[in-house]
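Below: the structure, in structure tokens.
The values are calculated or read from the model by the stated rules, or taken from the named source; none is laboratory data. This one's a predicted model, so the numbers in the text were calculated from it and none came from an experiment. Methodologically, a virtual Cβ is constructed for each residue, glycine included, from the backbone with ideal geometry; neighbour enumeration extends over all protein chains shown. SASA here: full protein model, heavy atoms, side chains in, ligands and nucleic acids out. Shrake-Rupley method; radii C 1.70, N 1.55, O 1.52, S 1.80 Å.
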2 protein chains.
Amino acid sequence: MKGIRQLAEHLDISIGTVSRALNGKPDVNEETRKRVLAAAEELGYVANQSGRSLRQGTTNVIGLMIESSKETIEDSDNFFLGLTSGLQSVLARHKLDLIMLPCPTDEDPYEYLKRMVARRVVDAMIISATQRVDKRIDLLSKAKIPFVSLGRSQSSGNSPWIDLDFDGVANSAVDRLVAHGHRRIAIAAPSSDINLGYIFLDGYRSALERHGIAYDPSLVIRVKTSEQGGYQAGHELLQIDNRPTAVILIYELMAIGLYRRLTEAGVIPGRDLAVIGFREEPRAKFLQPALTCFRMSLHDLGVELAQTLLATMPAYSHFYPDSERNMIWPLKLIPGESDSFHLLAAQ
Amino acid sequence: MKGIRQLAEHLDISIGTVSRALNGKPDVNEETRKRVLAAAEELGYVANQSGRSLRQGTTNVIGLMIESSKETIEDSDNFFLGLTSGLQSVLARHKLDLIMLPCPTDEDPYEYLKRMVARRVVDAMIISATQRVDKRIDLLSKAKIPFVSLGRSQSSGNSPWIDLDFDGVANSAVDRLVAHGHRRIAIAAPSSDINLGYIFLDGYRSALERHGIAYDPSLVIRVKTSEQGGYQAGHELLQIDNRPTAVILIYELMAIGLYRRLTEAGVIPGRDLAVIGFREEPRAKFLQPALTCFRMSLHDLGVELAQTLLATMPAYSHFYPDSERNMIWPLKLIPGESDSFHLLAAQ
DNA sequence: CTGAAAGCGCTTACAG
DNA sequence: CTGAAAGCGCTTACAG
């Protein structure tokens, strides 16, 4: 089966009627519609997307940009795949397809996005890993391509975003550690310019301040957000004079490397050093002692992202009248054993 | 900037010439070409892909289908992202873009692929996670869409594929364990109908046979290919009468759960039970004792996949005259400590 | 309810 | 070397 023309000839009917029947337009005889649908199914006809897109001016495709930089490959683990189910559950309602656009390692993310947008392969974009200043946001705004970013940015202005509650997480982590008697609390932050690092650190600082604890820059450890980074963080922790008694990790899988390095040095996590991770991860469940971390549903986040995005698209906004343009995504603390001990006052 | 027409008007030149200049056709005055290129850059013009595709009959996009089923989400980890760099390095040479097509969890992979193919959103497809009998292969063959599958299948016939050397891995794992004195060697195989499970098991059986060891079905443990599956595998291992002294895992991250379950029972991996994993994974590096496993380069595999695919496409085949249609991808054993002990003859 | 025709944005023979 | 025109496969006003 080639095109709608062949199908129409086969049915001895005009292509216009075939198109209307297939697209569920009301002004088609039910008998005719049935014949068309049956023939299409039988011959395996599906409309060529380029033809549709060109005529309609929309692709019915939503793009999820993925940066597979050396660092993020190990970093993102299954984050994106976890999001897709939620995204698709919403997009499917509107017959929109989701495609993932992996930016090549050696290509500038900005140029890549620009190219994809200019070629009009998608109607809208979801971007993530927003930098502190992110030119992609300006690009999309100017090009008037609907988009939502996972992660706010100084470039955001009035553009829609959803961001994880890094501030809340940092605060409740510090609160919990302080309640357990800790005063020297280190933090493992990303070495890149990703915006969440700034927010996380700000939350940490203000939490310390609330508790009357002086901020000590030497307790901020900058590493890659990976297991290797965790190992490195452990290594650096061990070298700090007057060693901190607790550490908060920006990335949960860091804990694997951290535990390893600590154990090598005879320092037992959860006994000699309190550890709080970030996101709950199936993989990290098997760590011993169990990691205290924060729970969120990637599926639900995907749902919310899709709704926020659609709310900005004229063709779909009426379905989502109450959608917030910006949103801080809450996480729930899941107590583990990695920070359950209380520090003795003497220490 | 809207379309080529606006750009042409702006330059006071015909759209045909603009198109030819932009596409590097030889029959364009160099002066004209420069002007066109400069104006396009300045105004940010990039050809609308739908227009091009419709006219040329090609999309210049290659699709990588991803199944994000409940199981594979945890399973695939960064496998696909690891492939993309290699794939893109080859595709970029031909100005082909790679997009990832995540099949929704609740949609049949066959129907999904059918839809994507019929809509002609891509010129060619890369599929993976091939089942023993895989209708997708018949579909693509019949539709004459160029494709390559990562994983052979009984449905493969003459179609191109690259598969990891599961047979070789199973054989060398058994050889190594036997050399260390093991006779009761268990294997953790996938519970799904994925084809690699069959090949892995066949390799295991024939290796045992070579060594004159009777195949014992009770030593084949079927679990999910995830950490949880590894935990489960550990659990089942511990229940087997005359407990096996070694186990081979089809999926490396199973080792995390396996170690955990064994340790809970006071059984020390690498001392009381020999363990060999499959693929080397950064994540598994931090396991203690270090896991004996098999090394491969995802990047190189991506390169090979892309070349194999392009070799089947008339427009590109002349670039890859020597490409094999089918290929077994070798892996190299990396000795760790998880199976380094020798079993005493007495045992 | 159906058909004939226009046109979405391109590329590419075909003239000149 | 350039322009005018056809046509890729659709959808959608517009007639009837």
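Numbers below:
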| quantity | calculated |
| --- | --- |
| Segment B:1-53 - residue that is small (Gly, Ala, Ser) and in a loop (DSSP other than H, G, I, E, B) and, of those, nearest to the chain's Cα centre (by Cα) | B:47 |
| Qualifying residue in segment A:216-237 (condition: away from every other protein chain (no Cβ under 14 Å), farther than 23 Å from residue A:167 by Cβ and either of a type outside the set (Ser, Thr, Tyr) or outside any helix (DSSP H, G or I) (or both)) | yes |
| Residue in segment B:105-117 that is farthest from residue A:48 (Cα to Cα), counting only those that are open to solvent by 20 Å² or more (accessible area, probe 1.4 Å) and either in contact (Cβ under 8 Å) with a residue 12 or more places away in the chain or in a strand (DSSP E or B) (or both) | B:105 |
| Candidate set: segment B:246-266, residues that are at negative phi and over 27 Å from the mean Cα position of the chain (by Cα); chosen: the one farthest from the other protein chains (Cβ to nearest Cβ) | B:246 |
| Of all residues making up segment A:17-27, the number that are within 7 Å of DNA strand C (Cβ to nearest atom) and among the β-branched types (Val, Ile, Thr) | 1 |
| Selected residue [in contact (Cβ under 8 Å) with a residue 40 or more places away in the chain, surrounded by fewer than 18 Cβ atoms within 10 Å (Cβ to Cβ) and within 14 Å of chain B (Cβ to nearest Cβ)] from A:89, A:85 | A:89 |
| Residues (aliphatic (A, V, I, L, M), at pLDDT 90 or above and either in a loop (DSSP other than H, G, I, E, B) or open to solvent by 20 Å² or more (accessible area, probe 1.4 Å) (or both)) located in segment B:238-282 | B:238, B:240, B:250, B:265, B:267, B:268 |
| Which listed residue, of A:162, A:145, A:137, is touching a Phe, Trp or Tyr at 6+ places or on another chain (Cβ under 7 Å) and of a type in the set (Val, Ile, Thr) | A:162 |
| From the options A:203, A:212, residue that is more than 14 Å from every other protein chain (Cβ to nearest Cβ), more than 26 Å from residue B:288 (Cα to Cα) and either surrounded by fewer than 16 Cβ atoms within 10 Å (Cβ to Cβ) or β-branched (Val, Ile, Thr) (or both) | A:212 |
| Leading residue by the ranking (nearest to the other protein chains (Cβ to nearest Cβ)) among those in segment A:2-16 that are within 11 Å of DNA strand C (Cβ to nearest atom) and closer than 17 Å to residue A:52 by Cβ | A:4 |
| Cβ pairs under 8 Å, 6+ apart, first in segment B:1-13 and open to solvent by 50 Å² or more (accessible area, probe 1.4 Å), second at pLDDT 90 or above and within 9 Å of DNA strand C (Cβ to nearest atom) | B:5/B:15 |
| Filter pass, residue A:153 being polar (S, T, N, Q) and either assigned to a strand (DSSP E or B) or within 14 Å of chain B (Cβ to nearest Cβ) (or both) | no |
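Rundown of residues vs (1) in the same structural domain as residue B:121 (by TED's automatic domain parsing); (2) touching a residue at least 24 places away in the same chain (Cβ under 8 Å); (3) within 12 Å of DNA strand D (Cβ to nearest atom); (4) exposed (fewer than 11 other Cβ atoms within 10 Å of the Cβ), yes/no style:
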position: B:21; (1), (2), (3), (4): no, no, yes, no
position: B:33; (1), (2), (3), (4): no, no, yes, no
position: B:36; (1), (2), (3), (4): no, yes, yes, no
position: B:40; (1), (2), (3), (4): no, yes, no, no
